[in-house]
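Step one of this worksheet: look at the structure below.
Only the coordinates and a few stated rules stand behind these numbers; no lab work does. On a predicted model such as this, the values are computed, not experimentally measured, just so you know. Methodologically, a virtual Cβ is constructed for each residue, glycine included, from the backbone with ideal geometry; neighbour enumeration extends over all protein chains shown.
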Amino acid sequence: MRDTTTPQVLISEVGPRDGLQSVKATMPTQRKFAWIDALHAAGLREIEVASFVPATLLPQMADASEVVQHALSLPGLTVMALVPNVRGAQAALAAGAHKLTIPVSASAAHSMANVRKTREQMIDELRAIVALRDERAPGVKVEAGISTAFGCTLQGEVPEDEVVWLAAQCAAAGVDDVGLSDTTGYANPAQVRRLFRRVRAEIGDKTGAAHMHNTRGLGLANCLAAYDEGVRTFDSSLGGLGGCPYAPGASGNVVTEDLVFMFEAMGVSTGVDLNRLMAAREALKAGLPGEPIYGMTPEAGLPKGFVQEAIHG
């Protein structure tokens, strides 16, 4: 019997942040609490629960501090928050977040649209956030997520050399890891393998998570390609909720339920209970009634005879 006490991959649930900020409706705070509780009960141990941005820009995230503080009450959970700048980092650290993720666009056009800064200015921002972390909360992890790493709806092709250069700049700025994001759903498996291999050759074990979108149906294939290149942390969203509000046409995070099923069916433990995970969809539906959600596994059900080994912890 394989050991399910120590998962072989980490599924980082981003629905409460990436998902909720990409829909027009705002989920009530108490409903967010209930949804995060359900995700935690399913065995997810890293959840991106909020982004610290002005409420005028993203009213869906106006309760970010409250949501972080609720999530901190859940045992064994790494509470992650997105911060686009030092001001956001100050607020997230004050709320008690365990991990900060900062979006740094490989596409110059997307960088200006998303955070209103050039790529070089975002590297300066990263250094300032790392310095702030070192001063106020040295135990907090800081992750740079390189968005539009595989292509951009605004500028089109993003040269791989620029992605590798940017990853090296992020690593030199002092972050703990650097992930690659297919913000616009342009990636294909060969490209994913090539780019993660090149980034790993450049920054070694600071190479972080794969954040894939299913815009063109390749989300799981791209996750598997990243896994083959040694990636062990994968971002996904329950029901495939979310995208990017500043990248036109960027629909569809990878569906957490399908990603967990793929790995578990392969014999790769995730630490996530599939039945409880699919039950967590009810909390999502209650908080966002009428919002379309996706997933092939929830729709089809688990295969006859499929038994997931007991999840501990």
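How large is the charge dipole for the stretch 145-206, taken about the Cα centre, if only the Cβ atoms of Lys, Arg (+1) and Asp, Glu (-1) carry charge, to the nearest 20 debye?
Magnitude of the dipole: close to 200 debye.
With Kirkwood's inverse mean 1/r over C-alpha pairs for Rh, give me the Rg to Rh ratio of the chain, two decimals please.
With Rh from the inverse mean 1/r over Cα pairs, Rg/Rh is 0.94.
In a Gaussian network model over the chain where Cα atoms closer than 10 Å are linked, find which of Val23, Val178, Val104 has the largest mean-square fluctuation.
For the chain, modelled as a Gaussian network with Cα springs under 10 Å, the answer is Val23.
Sum -39500 (n - 2.57) across every DSSP H segment of at least 4 residues in the chain, then divide by the residue count to get the 222 nm mean residue ellipticity, nearest 500.
Calculated from helices alone, the mean residue ellipticity at 222 nm is -12000 deg cm²/dmol.
With respect to the cross-link table entries Lys32/Lys141; Lys24/Lys304; Lys24/Lys206; Lys32/Lys99; Lys206/Lys304; Lys24/Lys99, which display a Cα-Cα separation exceeding 29 Å?
Result: Lys24/Lys304; Lys24/Lys206; Lys206/Lys304 exceed 29 Å.
Arrange the following residues from fewest to most other Cβ atoms within 10 Å of their Cβ: Leu44, Leu195, Leu93.
With the fewest neighbours first, Leu44, Leu195, Leu93 line up as Leu93, Leu195, Leu44.
Once label points are set 7 Å from the Cα along Cα→Cβ at both Lys285 and Gln69, what is their separation, rounded to one decimal in nm?
Inter-label distance under the simple model: 3.3 nm.
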